[in-house]
Amino acid sequence: MEALSFSILALLAVWVVFASRLMAALGMVAGVLFLTQGHSIDIAGSNLFPARILTYVCFLRVMFRGEFSTRALTRMDWAMVVLFSYATLMQALRGDGSVAGLAARLMDAMFGYFAFRGLLREPDELRWFLHRLLLLLGPYLLLLCVESFTHNNLFSIVGGTSEVTLRDGHPRCYGSFRHPSLMGSLGAVFLPLFAALLWNPAWRRHGVTGLFLCLGIVGFSNSGSPVSAVLIGIIGWAMWPMRRNMRAFRWGFAGFVVLMDFLMKAPVYYLLAKFSAITGGSGWHRSYLIDVSLRHISQWWLTGMSLEDTKHWFAYMLEATGGADITNQYIAFGLAGGVLAIGLFIYLLYCAYSMLGRAMLVAQTEDSPDQFEERLVWGLGVALTVHAFNWMAITYFDQFQLIWLFQAAVICSVSEHWLLRWRQVTAEDAAPAGFGMAGEIPVGEREMGYASGIADR
């Protein structure tokens, strides 16, 4: 590891250990933004890159300070643990990679997720974090400006790529990440959260600034996937008036997919190829990847298969993996652990949406006239949806996975905050005005498509 990278890493590690919970979370994200995987420390054959070291340090801090207890595990927490543990176990049983490497990747996911679970706990803390995040995104966008106009990535001095990639004559910026689509996704997944700040006059200017910075990051990536993710975020916020009747939307969307499957000559997943004609990107590759993976499902449905065994799926392959370019997170989990791993991944998303839906119900009972608390929870749901659609076009690798783990942890913590608030209220008052028995969601709300229970232990 070069001296500059080591110095920044050491500073951030001290910051993460000794700062407050919220400042430690900010330090973790700073490490994701301003350090890369290009510089690492090799110990006993294991690569300890900066994000991994910060993750381990932060996890130890959270555990030693008692900022998160395993007794507070929710259903979503367990879903996360089971998903990554099962996928890792299946890969180890197949001999797909070294045991040390697989264990390290498992610890990356688990330590990162639970570290963030202990650092951010409440809606007010999320708002504080988004405000301070602007202080990181501003300089980051300036560095992208330099990369775009000079074709010189300043992150190369800390191990970032110095490669210059053009699309339609315009550069695709990498920033601190290993692919422009990952860099652009950074802006796309935070954009829905900054949009949630627009309805509160005290936070509106922060929301507008955040939207500008996020759109700038997406623009400098010059990639189709982040643009598509932004459109999903816009559609998600446009559905705000329908929030009381999401069940009808889900059935309508399912009906649309079935109808398009009947009307199209090609399978319905080739809509990805048509969509990319608008947003740009390699939509045909993503559609064909689903097609070819289904044609070879007999080879991977039970226990998965090695990436090297997919090298014949396309006329080209990735030199880094020796196999096909797997630009679909769902298929990536399928190759790691079979159909069951995909099912566990979908179940994790179900748990997240379930917690958010019930949290919105509780937020409604205590919300201000501008519905600000409810909008913040909705923004988390939109961000989750952006991830869910983005995973059909890209897999998360390098330090970007920490961004997803951060948002997943915040979804769980903020939702749990509202559910705990509900339990406290119902414990003090057996029948709040307008509600039935203590702890029971009103029948009218259940009919709107939300989950009927509150407890999520």
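Given the criterion on the phi < 0 side of the Ramachandran plot, out of contact with any Leu (no Cβ under 9 Å at 6 or more places or on another chain) and modelled with pLDDT under 95, identify the matching residue among 93, 48.
48
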Quiz item: Checking residue 66 against (1) crowded, with 16+ Cβ neighbours inside 10 Å; (2) out of contact with any helix residue (DSSP H, G or I) (no Cβ under 6 Å at 6 or more places or on another chain); (3) not polar (S, T, N, Q), which test does it fail?
Solution: (1)
Quiz item: When only residues in the stretch 164-185 that are crowded, with 24+ Cβ neighbours inside 10 Å and among the aliphatic types (A, V, I, L, M) count, which is nearest to the chain's Cα centre (by Cα)?
Solution: 182
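For every residue, the table says whether it meets (1) surrounded by 17 or more Cβ atoms within 10 Å (Cβ to Cβ); (2) touching a helix residue (DSSP H, G or I) at 6+ places or on another chain (Cβ under 6 Å); (3) more than 20 Å from residue 385 (Cα to Cα).
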{"site": "231", "(1), (2), (3)": "no, no, no"}
{"site": "242", "(1), (2), (3)": "no, yes, no"}
{"site": "252", "(1), (2), (3)": "no, no, no"}
{"site": "265", "(1), (2), (3)": "no, no, yes"}
{"site": "271", "(1), (2), (3)": "no, no, no"}
{"site": "289", "(1), (2), (3)": "yes, no, yes"}
Exercise. Please list, ordered by first then second residue, the pairs with beta carbon atoms under 8 Å, 6 or more apart or interchain, first in the stretch 48-73 and under 25 Å from residue 101 (Cα atoms), second among the basic types (Lys, Arg) and at pLDDT below 95.
Key: none
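So that you can scan it fast, the table gives a plain yes or no per residue for (1) surrounded by fewer than 24 Cβ atoms within 10 Å (Cβ to Cβ); (2) more than 17 Å from residue 143 (Cβ to Cβ); (3) in contact with a Ser or Thr (Cβ under 8 Å, 6 or more places away or on another chain):
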{"position": "162", "(1), (2), (3)": "yes, no, yes"}
{"position": "189", "(1), (2), (3)": "no, yes, no"}
{"position": "212", "(1), (2), (3)": "yes, no, no"}
{"position": "223", "(1), (2), (3)": "no, yes, yes"}
Quiz item: Is the stretch 395-406 home to any residue that is out of contact with any strand residue (DSSP E or B) (no Cβ under 7 Å at 6 or more places or on another chain), polar (S, T, N, Q) and not in a helix (DSSP H, G or I)?
Solution: yes
Quiz item: Taking the condition among the β-branched types (Val, Ile, Thr) and either closer than 25 Å to residue 171 by Cβ or touching a Gly at 6+ places or on another chain (Cβ under 9 Å) (or both), does residue 230 pass?
Solution: yes
Quiz item: Do the conditions hold for residue 70, that is, is it under 20 Å from residue 416 (Cβ atoms) and modelled with pLDDT under 95?
Solution: yes
Exercise. Mind listing just one residue for me: the one in the stretch 120-154 that is in contact with a helix residue (DSSP H, G or I) (Cβ under 7 Å, 6 or more places away or on another chain) and aromatic (Phe, Trp, Tyr) and, of those, surrounded by the most Cβ atoms within 10 Å (Cβ to Cβ)?
Key: 140
Practice problem: Quick one: residue 278 ticks every box in (1) among the aliphatic types (A, V, I, L, M); (2) surrounded by 12 or more Cβ atoms within 10 Å (Cβ to Cβ); (3) at pLDDT 95 or above except a single one, so which number is it? | Solution: (3)
Exercise. State whether the residues of the stretch 11-26 include one that is under 20 Å from residue 401 (Cα atoms) and of a type in the set (D, E, K, R).
Key: no
Quiz item: When only residues in the stretch 290-316 that are more than 22 Å from residue 92 (Cβ to Cβ) and of a type in the set (Phe, Trp, Tyr) count, which is modelled with the lowest pLDDT?
Solution: 316
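The rows are residues; the columns are (1) out of contact with any helix residue (DSSP H, G or I) (no Cβ under 6 Å at 6 or more places or on another chain); (2) within 20 Å of residue 25 (Cα to Cα); (3) buried (at least 20 other Cβ atoms within 10 Å of the Cβ).
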position	(1), (2), (3)
328	no, no, yes
332	yes, no, yes
341	no, no, yes
347	no, no, no
360	no, no, yes
373	no, no, yes
391	no, no, yes
395	no, no, yes
409	no, yes, yes
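The values are calculated or read from the model by the stated rules, or taken from the named source; none is laboratory data. In this text, all values refer to a predicted model and were calculated from it rather than measured experimentally. Neighbour counts run over all protein chains shown; Cβ positions are idealised from the backbone, glycine included.
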